[in-house]
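> Before we start, here is the structure in question, set down as structure tokens.
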Amino acid sequence: MKITDTVRRAGRSLRHAKARTLLTSLAIGVGAFTITLSLAGGQGGRQYADAIVNSNTDVRELLVSKQSKQTSAIAEYKETGPGAVQSAGPFASAKGLEYISSANLADIEKIDGVDKVTPNYSPSVNYITTTGQKKYQATVSTFSPSVTLTYAAGSVSGDLGDDGIILGEDYAKVLGFTNTQDAIGKTVSIGTTKQSTLYTVPQKKEFNFVVRGVSSASGLAFRSQGSLLVTDAAAKEMYDYINTGTPLYNKFFIVSVHVANANDAQKVKDVLVGQGYTAQTAADILGTINTFINVLLGVLLGFGALAVLTSIFGIINTQYISVLERTQQIGLMKALGMSRRDVGRLFKYEAAWIGFLGGAIGSGLAFVVGTIANPYISDALGLKDIYLLAFTPLQIIAVIVGLIVVSVGAGILPARKASKLDPIEALRTE
């Protein structure tokens with residue numbers, strides 16, 4: 001008997017028991033639905049993580065800090081003179097933290113493959129204001145061309161200029177500009193105060209910048225949101241003014257190391273680690289995020305697998321009932337010359353049809369639900385036009401094929417029972 005004829009006959013047999021076939025297919029469809037959504041979530045999550053890392057970091061950039069020399073040892077208490085107090089103190093754990101000094105920066109620059117070393121200047125400014133407006137609290141960060149920004153007005157491609165600044169939409173609003181476009185070209189002032197104790201009267205200075213762009217909220221560029229963006233040189237100028245003469249001047253927790261070739265990033269990292277630093281590349285950041293996504297994906301796939309496992313028993317039960325109901329029919333087919341192999345193949349194909357229907361229904365429903373839900377999920381999470389459920393035809397096909405294989409495996413025992421029936425005894429069955 002031809003395989004195509006057996007497949008068609010299996011389909012006709014299932015149509016005679018439509019309700020039972022549909023219910024069994026829906027049972028396996030629950031697993032298909034869960035697995036398809038889980039895979040789409042994992043795919044979308046990885047794509048989103050990759051986009052975030054690529055939009056906020058440079059593959060040629062390493063974030064470097066000094067390895068801490070903290071110790072878990074508890075100090076012994078020793079008696080001292082009257083009034084003396086020995087206490088671990090609330091900041092005792094910070095004693096092991098180390099700064100990267102100017103000398104360290106010079107050493108790092110000498111490493112083969114390193115193109116540039118930039119300290120993480122984070123000047124503690126007081127406020128931002130513009131002519132005729134109130135002063136507002138502000139946070140300054142450095143602008144990087146590798147960070148993807150969405151602009152509400154203006155734009156900066158490449159060099160911002162040491163006198164330029166990028167405002168967030170919220171700053172443009174509170175500073176009294178008519179609209180975001182009105183802010184472009186206007187001058188804003190950032191107020192600072194010297195931290196040195198050498199002055200009895202606080203020394204203050206305002207740094208003036210021209211607005212080059214107004215950034216809007218983005219689902220990708222998170223590092224600079226909520227900050228005022230200036231160049232490294234401008235941030236250093238403010239940092240120097242604020243911190244010159246203080247004990248922590250030119251001491252940094254984090255520096256950015258830029259390599260000339262992206263392929264050298266791992267090699268430079270290994271050298272830095274060997275010298276007592278902690279270095280993190282863009283690939284390390286992405287790997288950490290993907291590890292979390294994979295763990296979550298594994299949990300969700302576990303629930304889908306559990307649903308599929310439950311449906312396997314449904315398929316076995318359905319096929320056994322079918323064998324019992326069609327005992328005479330099986331006996332007649334054998335009496336007319338149908339081989340044991342063809343009888344077993346018939347029931348396996350019926351199981352395959354059930355797996356196909358369940359997989360198609362579940363995966364199709366998951367695709368429809370996910371496509372409809374994507375915009376709502378993005379709005380709820382503030383991701384704009386970024387979707388977290390990414391469906392790919394290959395994954396959907398893989399789910400359906402996988403469920404067909406599982407269903408065929410579940411139908412093996414009923415198929416063997418049908419193939420071993422004695423035709424004479426089967427024809428006598430009432």
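> Given the options GLY176, GLY29, GLY132, which has the most mean-square fluctuation in a GNM of the chain, springs set between C-alpha atoms less than 10 angstrom apart?
In the Gaussian network model the winner is GLY132.
> What FRET efficiency would be calculated for the residue pair VAL405, ALA51, taking the C-beta separation as r and a Förster radius of 51 Å, to the nearest 0.05?
0.90
> Within 10 Å, count the other beta carbons around each residue, average over each peptide in 296-306, 158-168, and list them highest first.
With the highest mean Cβ count within 10 Å placed first, the list reads 158-168, 296-306.
> Once you place label points 7 Å from the Cα toward the Cβ at ILE321 and ASP170, how far apart are they in nm?
So the label points at ILE321 and ASP170 sit 6.0 nm apart.
> If you count the DSSP beta bridges with both ends in the chain, what percent of them are antiparallel, to the nearest 5?
Values: 30 of 38 bridges.
Taking every DSSP beta bridge with both residues in the chain, the antiparallel ones total about 80 percent.
> Give the label of the value calculated from the structure for semi-axes √(5λ) of the Cα gyration tensor in Å, choosing from (1) 68, 28, 19; (2) 34, 29, 21; (3) 30, 26, 22.
(1)
> Which whole DSSP H helices in the chain pass both tests: a Cα extent of 20 Å or more along the axis and a mean Kyte-Doolittle value no lower than 1.0?
Answer set is 282-325, 393-410.
> What is the gain in length, in nm to one decimal, between LYS116 and SER146 on full extension, counting 0.36 nm per residue of separation less the C-alpha to C-alpha distance?
9.3 nm
> With a 1.4 Å probe and all protein chains kept in place, how do SER215, SER339 rank by accessible area, largest first?
The most accessible residue leads, giving SER339, SER215.
> Cα-Cα over 20 Å: which of LYS204/LYS251; LYS194/LYS236; LYS236/LYS267?
Beyond 20 Å: LYS204/LYS251; LYS236/LYS267.
> Further question: Across the range 145-158, in residue order, what do the Karplus-derived ³J(HN,Hα) couplings come to in whole Hz, using 6.51 cos²θ - 1.76 cosθ + 1.60 with θ = phi - 60° and x for Gly and Pro?
Result, ordered by residue: x, 7, 7, 7, 10, 9, 9, 7, 7, x, 6, 10, 10, x Hz.
> Let me ask something additional. Carbon and sulfur atoms: what percent of the 1.4 Å accessible area of the chain do they account for?
Working: 13880 of 23510 Å².
The computed percentage sits at 59.
> I've got another one for you. Could you compute how much accessible surface ASP379 exposes when probed at 1.4 Å, giving the result in Å² to the nearest 10?
Its accessible surface works out to 110 Å², give or take rounding.
> Something else now. Suppose R0 equals 51 Å; then what is the FRET efficiency for ILE377 and GLN328 from their Cβ-Cβ distance, rounded to the nearest 0.05?
Efficiency for this residue pair is about 0.40.
The values are calculated or read from the model by the stated rules, or taken from the named source; none is laboratory data. Keep in mind that this is a model prediction, so the values were computed, not measured. Every residue, glycine among them, receives a Cβ derived from its backbone with ideal geometry; neighbour counts consider all protein chains shown. Ligands, DNA and RNA are stripped out before the accessible areas are found, and what is left, the full protein with its side chains, is counted by its heavy atoms. Shrake-Rupley method; radii C 1.70, N 1.55, O 1.52, S 1.80 Å.
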